[in-house]
1. Taking Cα atoms, how many degrees apart are the long axis of helix A:75-84 and the longest axis of chain A, rounded to 10 and kept between 0 and 90?
2. Helix A:349-362 sits at what angle to the longest principal axis of chain A, using alpha carbons and giving 0 to 90 degrees rounded to 10?
3. Neighbouring Cβ atoms within 10 Å as the yardstick, rank A:266, A:76 fewest first.
4. Could you work out, for the range A:369-448, what percent of all Cα-Cα pairs fall into each 10 Å distance bin, beginning at 0 Å and stopping at the bin that holds the largest distance?
5. Taking the Cα atoms only, what angle lies between the long axis of helix A:209-219 and the longest principal axis of chain A, rounded to 10 degrees?
6. P(r) of chain A in 20 Å steps, Cα pairs, percent per bin?
7. Using only helices, what value at 222 nm comes out for chain A when you add -39,500 (n - 2.57) per DSSP H run of length 4 or more and divide by the total residues, to the nearest 500 deg cm²/dmol?
8. Show me the ranking of peptides A:430-436, A:416-422 by mean Cβ neighbours inside 10 Å, starting with the highest.
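Each value in this text was obtained by applying a stated rule to the coordinates, not by laboratory testing. Not measured: the values here are computed from a predicted model. Ideal geometry is used to build each Cβ from the backbone, glycine not excepted, and the neighbour counts take in all protein chains shown.
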Amino acid sequence: MNKDLYIYNSLTSQKELFKETSANEVSIYVCGPTVYSSSHMGHARSAIVFDTIVRFLKFIGFKTNYVRNFTDIDDKIINRGIEEGVRPEDIAEKYKTEYIEDMESLGCLQPDFQPSVSENIPEIISLIEDIIKKGFAYEKNGDVYFNVQKFNGYGKLSKQSIDSILVNTRLEINPNKNFGLDFALWKTAKENEPYWSSPWGKGRPGWHIECSAMSRKYLGENFDIHGGGRDLIFPHHENEIAQSECVSDKKFANYWMHNGLININKEKMSKSIGNIINIREGLKLWNKNIIRTLFLTHHYRTPVDFSSKKLEEIEKTLLNTKKRVPTNESLSTKFKELWVSAMLDDFNTAKAFGYYFKFINDGSLSPETDSEVSEFEETMGISGWRDENIQSKKDTIVDEVRIKQIIFERDRARKDKNWIKADELRYEAEELGVKLLDKEGKTTWEPC
RNA sequence: GGCGGUGUAGCCAAGCGGUAAGGCGAUGGUCUGCAAAACCAUUAUACCCCGGUUCGAAUCCGGGCACCGCCUCCA
C-alpha cells in the first residue's frame, strides 16, 4: 500500500509530500480556544478535524506530539469577569473545564499537552526578551511591541505585503506604537486588571505570543504541523511566524493547515451576528456521531453549513448504515486500501466516508469476520456508534393514554376488517403527533 | 479596495488531465388491508459562461459572471 502522505500547506498554497522532522514522529500544534464563553460548533469542527487527523497519523504508524493550548489570559476574559463580577481566572477555569468536557462528549481524544498561557508566563517573558535582544521589538511605557517592518517575511502566510495590509486595515490609534501594524507582545496592566511582574513592569502577554512560546516549549523551534481555523491566518498566525522565526532563524511550522468555517443556515456563524450554536446545546439535539459525520463528510478546508435539515439527513444516513450491518462473508480487501489512500491525500475524509457507505450498503463488508469497518470507525472517532441510540431527541409531548386507546380501538376495527375506521384512527393519532407502526402483529408508535 | 476561496444532478458533496464516488430526496417494483420499515431497480452525454492548450479537460491557461471568507474579536 502506498504510504506517501500529502498535505495542503496554506503557506505554499499547494499539496506537498509530508516529510516529518523527526523519524516516525509528528509534532502538531493546534490553536485552542480563548476561554471566555461556552465553546461552539466552530471549536467542535476544528477539534474534530484535527482529532481525526491525529487518529489517522497514529493509524499509519506515527507517534504524535499533539499540543492544543488554552488562551486563558485575554481582554475578553477580563471584560467578562467585570460584567459578571467574577475574577477573570474563575471565568477561564469554568470555560476550560467546560471545553474539556465538550471535547470528550464529541469523542475527541485528549491532546498530549493542553497548556495554558497562565502556566507559561516565564516562557513568554523569556521569548519576548529574546525578541527584544534580536532587535525585533521595543518597549514603550511598559508595553512591548513587535516591529513588523523589521521582519522580512511579514505577510507570507496571508499573502499580503505590509503596504497592502496598512492600506486595508483599520488601525487603532496607539501613541505607544512606532508603526501602525506593530502588535503588542506585552501590555501594561491597567488598574484592577490581573498582572504578572516582568522586566517591563506589571502587565500581561499580548495575543499571539502565547502560541509562539508554548509551541517552542513543547515542540521546539521547528515542528511539523500547525493548525487552526481559517480565520486565524491573519493576524494571529502571521504574527506567530514573525515572533518565532525572528528569534530562531528557522522555519517555524513546516505545514500550515487551516480548517474551513461554519455557516448556520447558509449564514456565517459569528459572534457579531449572534447565531452561535454551543456544543452543549447541539449535543442535546444531535448525537456526537451525527455531528462528527456531518463535518467529516465535507473536506476539512471547505465551509460547512450547519442546519437541522443537514443533520437530519446525516441521521438518516447513519441509521440506514446501522440497519445494514453486513452479515455476509464476502471479503472486500479493497475497502481499507481505498479509504486509506483517500486519507493519505490531504485527509480526504469525505471521500473515505463515500467508500464506507458504499461498501456497507453493498453488503460487501462483514465486520464480524473483518476488522476493516471498526478500524475505519475508530479512525473517524465514531467507534461503538452502532451500540448507541443515535436518534435525535424530539421533545413531543404525547397523551399516551389516548394513544393506547386509539391503538386498542384500531386493533378491533382491523380485526373486523373495518379499514375505514382503522384509517380514521390512524389519522387521529397523526394529529396527536404520533405515527402508528404495525409490526409483526403488534402496533407501536413513534413521534412524527 | 487588497488577498484568499468557491460555482458538479432537486438538495448536500467527492473528483484536481483519461472519460462523473457517496449521501439525502424522488420515481417504479416486491411486501403490507392502508401506512411505515425492509429489499430490488432507476435517477448528471454532464460539471456557471466564452475562448485556448491537448489525442483527451469538470480538472490546465486566458477572459467574463455569480457567490463566500479574511483584512475588527472569532475555530
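1. 60
2. On a 0 to 90 degree scale, this one is about 20.
3. Numbers: A:266 9, A:76 16.
Fewest-to-most Cβ neighbours within 10 Å comes out as A:266, A:76.
4. 16, 34, 17, 17, 14, 1
5. For A:209-219 against chain A, the angle is about 80 degrees.
6. Calculated over all Cα pairs of chain A, the distribution is 22, 47, 23, 8, 1 percent.
7. Values: 15 runs with 184 residues, N = 448.
Theoretical 222 nm ellipticity from helices: -13000 deg cm²/dmol.
8. A:430-436, A:416-422
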